[in-house]
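Engineer: Structure below; questions to follow.
The values are calculated or read from the model by the stated rules, or taken from the named source; none is laboratory data. Predicted model only: the values in this text are computed from it and were never measured. Positions of Cβ are generated from backbone atoms using ideal geometry, with glycine treated the same way; all protein chains shown enter the neighbour counts. Protein only, heavy atoms only, side chains kept; ligands, DNA and RNA dropped before computing areas. Shrake-Rupley method; radii C 1.70, N 1.55, O 1.52, S 1.80 Å.
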Protein chains: 4
Amino acid sequence: MIDDAVRFKGIYTPNLVPLDAAGAIDEAELRRYTDWLIAKGVHGLYPNGSTGEFTRFSVEERRRIVEIMADQTAGRVPILAGAAEANVRETLRACEYYAGLGVRAVAIVSPFYYKLGPESVYAYFKEIGDNTPVDVTLYNIPMFASPIDAPTVARLANESPRIVAIKDSSGDLPNMMRMIDAVRPQRPDFSFLTGWDPAIMPMLLMGADGGTNAVSGIAPELTRTLYDSVMDGRLDDARQQQYTVLRVFDALFNGADFPEGFRLALRARGFEPGRGRQPLSVKERESHGPIASRIEALLGELGFASE
Amino acid sequence: MIDDAVRFKGIYTPNLVPLDAAGAIDEAELRRYTDWLIAKGVHGLYPNGSTGEFTRFSVEERRRIVEIMADQTAGRVPILAGAAEANVRETLRACEYYAGLGVRAVAIVSPFYYKLGPESVYAYFKEIGDNTPVDVTLYNIPMFASPIDAPTVARLANESPRIVAIKDSSGDLPNMMRMIDAVRPQRPDFSFLTGWDPAIMPMLLMGADGGTNAVSGIAPELTRTLYDSVMDGRLDDARQQQYTVLRVFDALFNGADFPEGFRLALRARGFEPGRGRQPLSVKERESHGPIASRIEALLGELGFASE
Amino acid sequence: MIDDAVRFKGIYTPNLVPLDAAGAIDEAELRRYTDWLIAKGVHGLYPNGSTGEFTRFSVEERRRIVEIMADQTAGRVPILAGAAEANVRETLRACEYYAGLGVRAVAIVSPFYYKLGPESVYAYFKEIGDNTPVDVTLYNIPMFASPIDAPTVARLANESPRIVAIKDSSGDLPNMMRMIDAVRPQRPDFSFLTGWDPAIMPMLLMGADGGTNAVSGIAPELTRTLYDSVMDGRLDDARQQQYTVLRVFDALFNGADFPEGFRLALRARGFEPGRGRQPLSVKERESHGPIASRIEALLGELGFASE
Amino acid sequence: MIDDAVRFKGIYTPNLVPLDAAGAIDEAELRRYTDWLIAKGVHGLYPNGSTGEFTRFSVEERRRIVEIMADQTAGRVPILAGAAEANVRETLRACEYYAGLGVRAVAIVSPFYYKLGPESVYAYFKEIGDNTPVDVTLYNIPMFASPIDAPTVARLANESPRIVAIKDSSGDLPNMMRMIDAVRPQRPDFSFLTGWDPAIMPMLLMGADGGTNAVSGIAPELTRTLYDSVMDGRLDDARQQQYTVLRVFDALFNGADFPEGFRLALRARGFEPGRGRQPLSVKERESHGPIASRIEALLGELGFASE
């Protein structure tokens, strides 16, 4: 069922961006991290996602991040580039820029800050879909942005051939099924990616094609193995791996505002993420010590050492 | 994986209660419905659930419903009887009464109306667990009642041997996994049942033991087949059946307040549910015609005729 | 503005029900508490409200509570009796019973457990309004029960003369204004009572007629004074008193599940509420000591001693 | 009570930004609109607020908007400039820029997209407060951004003298009172502004100092009169005016995604706002005709003609 050559497939990694002591993009570390992710078997890269803190960078920095990663990747794996900017015009400019860098597609989050209804969400993506020079992935993350409901996905899939996928971070499995049910008959090339790491296995088993999963930025071996187990029908292995992903996910989310736990974990894998752009209180900095220890212990126990 | 003889397994049916023209329990129709469900292969019966509108009956009526169904069932399938009453003492009296009727276990919803925190939810079930004469299933339905979180389930499972299962209607798959992960090592006899019909297959594949699913009261053939397909490892069949369950579920939920759609559907299967106890406005009654037609058409298309 | 003789006015007290060592209604203490509230100047009494834990008593106990209080009150102040039962028929029976006891009106909470839409909420109250022998107050408490929206209140006010008031515990001031705006022109006799203690003064100033306020069960002097200050146009006094009500309210709500803080506070005023029917964990019982001390200190500081 | 010379007071107008046919800032119309608002008696101006769609403009455009309005205002009324940018460093640069333009203060919305906890919200504003060259107003709008809770406001007020006010758009009156109660004793110069138009009068009566109210951009006469009525103690007038504000507010919010209703209303007052940057679907554009008619009728009925 999920063996369709025309669709996006596999696990894409939404990567954190290492910063240097001055708070600027640490290009060398970002290149090293990119190489490591590819070496560990991720199917694709996803810069400027939520884990990548896209809202905390400037327009120019977002472009620079994709530029560095596209250059370093040099075609070894496809890139899905987060391209949301302040408005449609700016977003389309970003699409053009990323198209020029050779990305496989862009991912565009639904309008955020304002909570828009389905008609406005539709109109936003329709205008983008009509004018983009590169394939577009819808990005649904209702905890942070205006929700993209299943009828809207179906409507856009029917009307906009350049919209080729949805990345859904709601974790709502029946809703993913509703979207698949509504879209796949008309658009067999349309891909469904889950951004909810604790549900990769069940999502794949119910028809999803892959995921964009933050855990893959910390333990790419684990998410790759899980994906392969599901694909090969080794369900007992996959189940055990999915429970492990859940444990890692919970360790990365609990106790610190997202994505601080991922920053701590990246350090545990041997990369220097630097301090994030969101300031931390004294109390937060103090709490990070024990959280980092717990993450390190868990990753060590699972065999994911520092590199 | 889910082949453990000591646990509750399979699909239990939370049944609607047919009412006569005077609004009283229609005993004859309830007996006929009970027989039909058993004949169609449900693994167990679950009177006084949310679909059974337990809050709309009197204390005496709730007992009478279980009495009728236990008598009619005569041990052919196990019964899980909803036993929540106004307070712990009354709930324990109901437990005693249902124990005397030979039910397999009772199901007790978390305290509702007031939204209680985890400590109070724990204390409530602990006192019940310490004094019940019959096995208890926790019933978590956070959209209607105080949530029972995973640490509370684990705590109760560790301390109360008579608490033997949880029925979770949240549909939150990762949370179900957290509960399984926290409880199963210590309590391999503890059963996990999903009350969220659109996710039966993925829940079973991730380790759940069965479900209490309202769709099984309308299309018991379908949920039984789905369960068997999953158990036999026929995943392609199961997936198709799960998508069908989702379509039925959505048809039963959309357009009418729960569980009115189930009442319309029961009529489409050849049973006379009568008018419910919740009054309907003129506008609602008018809207029910088209909803009933759609449900009937869908059930007919799926081969589930009136009997 | 709020000097209309035909409407319900003033502060009604939703009282806790003292229990004896066996967990039964402590009639003597309930009578003593009733006398004390009247002596302290409450405008009316409101048994079987949310503070009165109506859902934790049996049908018979709810009747007994009103019976005791009506007898003890002997007409000194009006009684608003909570009359919600399992379904319309049972609720109407309660209305008849309370009418026979001479209550001023009944208060009926919107259907709870199930979350009903506006049409079903309308149909429920319409059937009650058409058949009740006693005046009815709608009770809107959206955090616990199906919301009663402003158009539904207007519709019921227009169609059901026996529905004479709404008690709104949402605390949503603009929504209270929307209801007043929609209802008052057609029904100048319809009363608006706020159940949100921190907003009594602004609600009265924007057109509400009074409140049913749990703080008045603990510090009836305070809420009476606040009401009088607003009525007399002494806004600086009223403001200071409203801030005091807020402080008391927060002390009673923080740290313990509602209405445990009110039980602790009642003891601080010299009444013995007994242990509640909702069991408490060891941790909760331990936490109640410090909470009780804080409440006692605050009440002492405000001059509300034990009696 | 609210007659303290050191605090921000009055109604500030969060203005829409007129766009020309090419979608660029329509400078001439923005200048004309600025003059009109001042002539109508607004106490201050608030560019780059939520009504001003700050997220839909580029960094450069946000600066240009303030520049135009500061130039046009020429000191006639104070300006509160929205200064939130992608991160602390960029936000501080904007603060510096607006300080150079002579604004009275900046307003900085809590971090959005990510939902941050109180410690991170505190750390964000603390770093800004320690480094800003201009007074800062906290902007709490929990429906769109991370909430700023009362203890965090108190903490920041105590530690950061340059943080001088909070603009609260939650509409939660008791919470505003909690903030006032916690802050005013230590910081009598700290100002409390409500961004919730339906509650201006009650907020002022409970101790708030003013508001930043979108309705004042459409009917500045109305909000000015309301403010003056409250200040002068003419409560009956004020009440009637507040109900009128509520009716206008509801007309501007209902039926269209915010702030489209305000754009339609601005046109009804004789200004050409142009098309917004958020695309509209055909269905939305069709629905705007009737909404515009209703708004125009209401404004006409209230005596607010086109100019």
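Engineer: Near A:Lys126, which lysines are there with a Cα under 16 Å away, not counting those fewer than 8 places off in the same chain?
Structural biologist: A:Lys126 reaches D:Lys283.
Engineer: Given label points at 7 Å from Cα along Cα→Cβ, what nm distances, shortest first, separate D:Asp189 from the same residue in every other copy?
Structural biologist: 5.8, 6.5, 7.1
Engineer: Determine which residues of the stretch A:15-59 fall in the zone a paramagnetic label at A:Arg285 would reach in this model, i.e. backbone nitrogen under 19 Å from the point 7 Å along Cα→Cβ.
Structural biologist: Backbone N within reach: A:19-24.
Engineer: Give, as ranges by residue number, the residues of the stretch A:141-179 whose backbone N falls under 18 Å from the point 7 Å along Cα→Cβ of A:Gln186.
Structural biologist: Label zone hits: A:148-167, A:176-179.
Engineer: Any chance you could check the stretch A:121-146 for residues losing 30 Å² or more of accessible area when the partner protein chains are in, compared with the chain on its own (1.4 Å probe)?
Structural biologist: With the partner chains in place, the stretch A:121-146 has these residues losing at least 30 Å²: A:Ala123, A:Phe144.
Engineer: Continuing with this model, one more query. At D:Asp71, with labels set 7 Å past Cα in the Cβ direction, how many nm apart are the copies from this one, shortest first?
Structural biologist: 3.8, 8.4, 9.0
Engineer: Peptides A:162-168, A:181-187, D:264-270: what's the order by average Cβ count within 10 Å, highest mean first? Please list the in-between numbers first.
Structural biologist: On the way: A:162-168: 24.1, A:181-187: 16.0, D:264-270: 20.3.
Output ranking for A:162-168, A:181-187, D:264-270: A:162-168, D:264-270, A:181-187.
Engineer: Taking only Cα atoms and a 10 Å spring cutoff, compute GNM fluctuations for chain A and point out the largest among A:Ser216, A:Ser281, A:Ser169.
Structural biologist: Maximum fluctuation in the GNM of chain A, among the listed residues, is at A:Ser281.
Engineer: Distances from D:Gly300 to the same position in the other copies: list them in nm, one decimal, shortest first, using label points 7 Å from Cα along Cα→Cβ.
Structural biologist: Distances between equivalent label points, in nm: 5.2, 6.8, 7.7.
Engineer: Hey, another quick one. Can you work out the accessible area per residue across chain B, with the rest of the protein chains kept in place, probe 1.4 Å, in square angstrom?
Structural biologist: Working: 10020 Å² over 307 residues.
Averaged over the residues of chain B, the accessible area is 33 Å².
Engineer: Below 8 Å between Cα atoms, with a sequence gap of 6+, how large is the relative contact order for the stretch D:151-292 in percent?
Structural biologist: Working: 161 pairs, mean separation 23.1, N = 142.
Once divided by the residue count of the stretch D:151-292, the mean separation gives 16 percent.
Engineer: What lysines does C:Lys40 reach when the alpha-carbon gap must be under 23 Å and sequence neighbours fewer than 8 apart in one chain are set aside?
Structural biologist: Within reach: C:Lys9, C:Lys167.
Engineer: Taking the simple approach of a point 7 Å from Cα along Cα-to-Cβ for both A:Arg76 and C:Arg162, what is their distance in nm?
Structural biologist: 7.9
Engineer: Could you report the buried accessible area between D and C, both sides summed, computed with a 1.4 Å probe and given in Å² to the nearest 100?
Structural biologist: Numbers: alone 12640 and 12670 Å², together 23300 Å².
Interface area, both chains combined: 2000 Å², rounded to the nearest 100.
Engineer: Compute the accessible area of each residue in the stretch C:80-112 twice, once for its chain alone and once with every protein chain present, using a 1.4 Å probe on heavy atoms, and list those whose area falls by at least 30 Å².
Structural biologist: C:Ala86, C:Asn87, C:Arg89, C:Phe112
Engineer: Got a number for carbon plus sulfur as a percent of chain D's accessible area, 1.4 Å probe?
Structural biologist: Numbers: 5100 of 9980 Å².
The value for chain D is 51 percent carbon and sulfur by accessible area.
Engineer: Per the Kirkwood definition applied to all pairs of different Cα atoms, how many angstroms is the hydrodynamic radius of the stretch A:237-307?
Structural biologist: Numbers: mean 1/r = 0.0789 Å⁻¹.
Result for the stretch A:237-307, one decimal place: 12.7 Å.
Engineer: Would you tell me which residue of chain D has the beta carbon closest to the rotation axis bringing chain D onto chain B, and how many whole Å away it is?
Structural biologist: That would be D:Gly117, 9.
Engineer: Before rounding to the nearest 500, sum -39500 (n - 2.57) across all DSSP H runs of length at least 4 in chain D and divide by the residue total; then give [θ] at 222 nm in deg cm²/dmol. Walk me through the numbers before you get to the answer.
Structural biologist: Values: 11 runs with 142 residues, N = 307.
The per-residue figure over chain D is -14500 deg cm²/dmol.
Engineer: I would also like to ask the following. For Cα pairs less than 8 Å apart in space and 6+ apart in sequence, what is the mean separation divided by the residue count of chain B, i.e. the relative contact order in percent?
Structural biologist: 18
Engineer: Running a GNM on chain A with Cα contacts under 10 Å, which residue among A:Leu193, A:Leu37, A:Leu280 ends up with the highest mean-square fluctuation?
Structural biologist: With Cα springs under 10 Å in chain A, the top fluctuation among A:Leu193, A:Leu37, A:Leu280 is at A:Leu280.
Engineer: What does the C-alpha gyration tensor say about the overall shape of the protein assembly as shown? Classify as rounded when a/c is under 1.5, otherwise prolate if a/b is larger than b/c, or oblate. Mind dumping the intermediate values first?
Structural biologist: Working: a/c = 1.57, a/b = 1.05, b/c = 1.49.
Cα axes put the protein assembly as shown in the oblate bin.
Engineer: When you look at the Cβ of every residue in C:283-292, what mean number of other chain Cβ atoms sits within 10 Å?
Structural biologist: Numbers: counts 4, 5, 2, 0, 1, 0, 0, 0, 0, 0.
Average per residue, whole number: 1.
Engineer: To continue, here is another question. What distance in nm separates the simple spin-label points at D:Glu221 and B:Ala39, each placed 7 Å from Cα in the Cβ direction?
Structural biologist: Distance between the two pseudo-spin positions: 7.7 nm.
Engineer: Work out which residues of the stretch D:204-234 lose at minimum 10 square angstrom of accessible surface when the other protein chains are put back, relative to the chain isolated, with a 1.4 angstrom probe, and list them by number.
Structural biologist: D:Leu205, D:Met206
Engineer: Most mobile of B:Met176, B:Met201, B:Met231 per a Gaussian network model of chain B (Cα springs, under 10 Å)?
Structural biologist: Per the Cα network of chain B with a 10 Å cutoff, B:Met231 tops the list.
Engineer: Would you mind giving the mean number of other chain beta-carbons within 10 Å of the Cβ of each residue in B:270-276, as a whole number?
Structural biologist: Working: counts 0, 0, 0, 0, 0, 0, 1.
Taking all residues of B:270-276 together, the mean is 0.
Engineer: From other protein chains only, count the Cβ atoms within 10 Å of every residue's Cβ in C:48-54, then give the mean.
Structural biologist: Numbers: counts 0, 0, 2, 0, 0, 4, 2.
Mean shielding by partner chains, rounded to a whole number: 1.
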